[in-house]
Amino acid sequence: MSFANTLITWQRQHGRHHLPWQENRDAYRVWVSEIMLQQTQVSTVIPYYRRFMARFPDVGALACAPPDEVLALWSGLGYYARARNLQRAAQLAMARHGAFPAAFGQLLALPGIGRSTAAAISVFCNGERRAILDGNVRRVLCRHFGIDGWPGEKPVENRLWALAESLLPETGLDSYTQGLMDLGAGPCARRADCARCPLTATCHARQQGSTATLPTPRPRTRLPERTTGFLVLRSTHGTLLEKRPPSGIWGGLWSLPELPPGCDPARACADGYPLVAGSVHVLPGFRHTFTHFRLHGEVIVAELAAPLPPADPDLQRWARHDDLCHLGLPAPIRTLLESLPC
Ligand code: ADE
């Protein structure tokens, strides 16, 4: 049996059929799931997906929502550009089509939707015959066909796309595409479990004992390190939060005021705010790894003598413990604030 037919048969018997975005093939619902599932596992996504769908059941609701609410429901999933693009794409889809499209070409023209995501949605919702190539599928193909070289390199990526297209069956595209996803998240996950795989008979990595070394990892470069001081300023009104600029790291999220690294916290606080004498403490910091650098957060807690009115309520606010769950906060800042005593 061919690669595709083996996978289709396996998917129908052993694959996933009851994920929340499989309840119907509405392109809006499938799109949101595909964006959430980029870089994030199914088990993590499911509760976020359910909350998001309850609040924004259709593309019109998402298009006209306050951006803060979209970010709040995304908070903790990371890669916040995805949430900002999601809303921009919803607005463009409404303006261009009055609905969320399911056709590959229209999807590809929306922000945040690449070739593989557009293909997945068009297969599931428009019956198109298109190849997907996300991280999981790259791993499956590199192992099965013994493809060397880091898949992030253009020549390797081009080869994988050509292979993915050549493998497409004539029918059963739904089961085939879902089968690739299920295989990549299950038997052919990073740690291979070949005993559960339907394709071992023809798998190069299985025969060569190279499942642990394929796909070839990204060439190692040490991530640059940055240190930033985060100020937890507390008053009787709660903790002072500031809105981050709309683009860049943690764009549009609520975060803590920042201090340049290495500056004397007591002096820096005292310069800007009326503090209770002796209330400045430095706490153990945190580390957070982004794609391009590693952040070391220094945490300085201080008590304000009087709660200043926010200079601009759109950009500054006081937040109490109970408010935190309704606000879009970066995951490490949320963890930090929730770990502090009220
Ligand atoms: N990963 C990416 N897309 C997926 C899907 N539709 N179902 C399960 N896992 C996925």
message = How would region 110-231 be classified by its alpha-carbon gyration tensor: rounded, prolate or oblate, with rounded meaning a/c under 1.5 and the a/b versus b/c comparison settling the rest?
response = oblate
ask   = GNM on the chain, C-alpha springs below 10 Å: top fluctuator among L19, L240, L37?
value = L19
query = Order of M181, M94 from fewest to most other C-beta atoms within 10 Å?
reply = M94, M181
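What's the local net charge at H292, with K and R +1, D and E -1, over the other residues with C-beta under 13 Å away?
+3
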For W250, W150, order by how many other beta-carbon atoms lie within 10 Å, fewest first = W150, W250
note = So, relative contact order of the chain in percent, Cα under 8 Å, 6 or more apart, is 17 percent
remark   = Checked region 44-116 with the C-alpha gyration tensor, a ≥ b ≥ c its square-rooted eigenvalues, rounded below a/c of 1.5, otherwise prolate if a/b is larger than b/c and oblate if not; verdict prolate
query = How many angstrom lie between the C-alpha centres of region 14-49 and region 121-173?
reply = 20 Å
key: Sequence of C142, C125 once ranked by neighbouring C-beta atoms within 10 Å, starting from the fewest   = C125, C142
request  = Using a/c under 1.5 as the rounded threshold, could you call region 224-342 rounded, prolate or oblate? The axes a ≥ b ≥ c are square roots of the C-alpha gyration tensor eigenvalues, and prolate needs a/b larger than b/c, oblate otherwise.
outcome  = oblate
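Readers should treat all values here as calculations from the given coordinates under stated rules, not as data from a laboratory. Treat the numbers as computed from the prediction; the structure is a model and nothing was measured. Heads up, the Cβs are rebuilt from the backbone with ideal geometry, glycines too, and the neighbour counts pull from every protein chain shown.
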